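Student: Input: one structure, supplied below.
The values are calculated or read from the model by the stated rules, or taken from the named source; none is laboratory data. Note that the coordinates shown come from a computational prediction; the quantities given were computed from them, not determined experimentally. Using ideal geometry, Cβ is built from the backbone for each residue, glycine included, and neighbour counts are taken over all protein chains shown. With ligands, DNA and RNA removed, areas are computed over all heavy atoms of the protein, side chains included. Shrake-Rupley method; radii C 1.70, N 1.55, O 1.52, S 1.80 Å.
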Amino acid sequence: MLYEYAVEPRAIGSSWAIFRYVIEKFGFDKGRLISEFPKKWFREVYDATAGLPPVQKKRVEEALNQARKNKVVRCHRPYDPNAGDWLHNALNEHQRSPFRAIIALQNPTGNDAVLLTDDLDERHPLMVVPHDCAVARDATSIAGALRGLLRFGSRVLFVDPFFDPFSVRYKSTFRECLGIVRALNPTAVCEVHYRYHVDKPSPTDLEREAANLFNGVIPADMIVTIYCWKEKNGGADFHARYLLTEKGGIGIDAGFSAEGSHQTTDMHLMSFELSQEKIGLFARTATDYELVEPVLRIASDGHVEHL
């Protein structure tokens, strides 16, 4: 559901109208992400605005600052300015690890992966991306569908009211998901948010059994913080399941439990505004639900600290 595009800096920086038209097509909520390619992509876009009036240059600068939040991602792709220009590098990199498309000013070789800015349209096959999908409910498929969001964001929230680390179905999914975070986004803070129920493990239960429950689930040198929330009488219900970051979110209808590939769960991209609203519900100081203490910080070896 999340696709990476290479966008030539001078193709969008030299015109405010083109820049605005292109940049609004991207975001985690739209399923299209601009690759920070090269790593000085922001600077090169801004440099390309040299011929614009001051007011328009300022608009581009402000829009670029907003784009850092949820439109542009750094994938650490190699770029060699000595090998050729931007398009040459993009085509080489596309051959090694394909972009969804390359958006550029020119396409001298007629490469099918290149979209010219003059021809850019959301109805073009390379711009059409799904915003939802049915995913098989095995751990590998669930984690694979979430991979594009797991690899970005400084705070990753797994929200599932029925989370149960005593169940192998949940443990297998979290093992896969946390492995992706550890490999691709190792500085991220990971949190699990679940709902209190008399038939589900309490934070005290988790703390007592942490070494047995999380050994082999949480990767080495990683810590996961676990929050338990109780619904308030007459208050908001806690039923929906999400993967949330400050970049955006994915709704997961049936949650993180790996019931088997014979079943599927629907997943959908959330609007940026809704994803951030949901994150707010699970701040420690939030009042929509009642926090069940203690909040647990659990390490890969089962060591537990109270937050």
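Student: Give me the number: length gained by fully extending CYS133 to ARG96, i.e. 0.36 nm times residue separation minus the C-alpha to C-alpha distance, one decimal in nm.
Tutor: Roughly 10.6 nm would be gained on extension.
Student: Grab the DSSP H runs of the chain that are 4 residues or longer, score each as -39,500 (n - 2.57), total them, divide by all residues and round the 222 nm result to the nearest 500 deg cm²/dmol.
Tutor: After summing the helix terms and dividing by the residues of the chain, the value is -10000 deg cm²/dmol.
Student: How large is the charge dipole for the chain, taken about the Cα centre, if only the Cβ atoms of Lys, Arg (+1) and Asp, Glu (-1) carry charge, to the nearest 20 debye?
Tutor: It comes to approximately 620 debye.
Student: What distance in nm separates the two pseudo spin-label positions at ALA83 and LEU184, each 7 Å out from Cα along the beta-carbon direction?
Tutor: Spacing of the two 7 Å Cα→Cβ label points: 2.2 nm.
Student: Would you list GLU93, GLU44, GLU277 from the most to the least accessible area, probe 1.4 Å?
Tutor: Final ranking, largest accessible area leading: GLU277, GLU44, GLU93.
Student: Over the range 210-307, give the accessible area per residue in Å² for a 1.4 Å probe, as an integer. Can you show the working numbers first?
Tutor: On the way: 4490 Å² over 98 residues.
With the other protein chains kept in place, the range 210-307 gives 46 Å² per residue.
Student: Moving to a separate point now. Go through LYS171/LYS278; LYS58/LYS247; LYS171/LYS230; LYS200/LYS278; LYS171/LYS200; LYS39/LYS69 and tell me which ones have a Cα-Cα distance over 19 Å in this structure.
Tutor: LYS171/LYS278; LYS58/LYS247; LYS171/LYS230; LYS200/LYS278
Student: Percent of accessible area on the range 31-160 owned by carbon and sulfur, 1.4 Å probe?
Tutor: Details: 3090 of 6630 Å².
Ligands and nucleic acids excluded, carbon and sulfur give 47 percent.
Student: Still on this model: Given [x] 1.12; [y] 1.03; [z] 1.69, which label gives Cα Rg over 2.2 N^0.38 Å as computed from the coordinates?
Tutor: Of the labelled values, this structure produces [x].
Student: Taking only Cα atoms, what is the 0 to 90° angle, nearest 10, from helix 139-150's long axis to the longest principal axis of the chain?
Tutor: Helix 139-150 sits at roughly 50 degrees to that axis.
Student: Here is a further query. Order HIS239, HIS124 by their accessible area, 1.4 angstrom probe, all chains in place, largest first.
Tutor: Largest to smallest exposure gives the sequence HIS239, HIS124.
Student: How far, in degrees from 0 to 90, does helix 272-281 lean away from the longest principal axis of the Cα atoms of the chain, to the nearest 10?
Tutor: Taking Cα atoms only, the helix is inclined about 20 degrees.
Student: For a quick check, take a GNM of the chain with Cα springs below 10 Å and name the residue from GLY280, GLY179, GLY251 with the largest mean-square fluctuation.
Tutor: Largest GNM mean-square fluctuation: GLY280.
Student: Still on this structure: So how do VAL292, VAL168 rank on accessible area, 1.4 Å probe, biggest first, that is with the largest at the start?
Tutor: Ranked from most to least accessible, the order is VAL168, VAL292.
Student: Taking K and R as +1 and D and E as -1, what net charge do the other residues with C-beta under 15 Å from the C-beta of TYR227 add up to?
Tutor: Counting the neighbours of TYR227, the net charge comes to -2.
Student: Helix 203-214: angle to the longest alpha-carbon principal axis of the chain, degrees 0 to 90, nearest 10?
Tutor: 70
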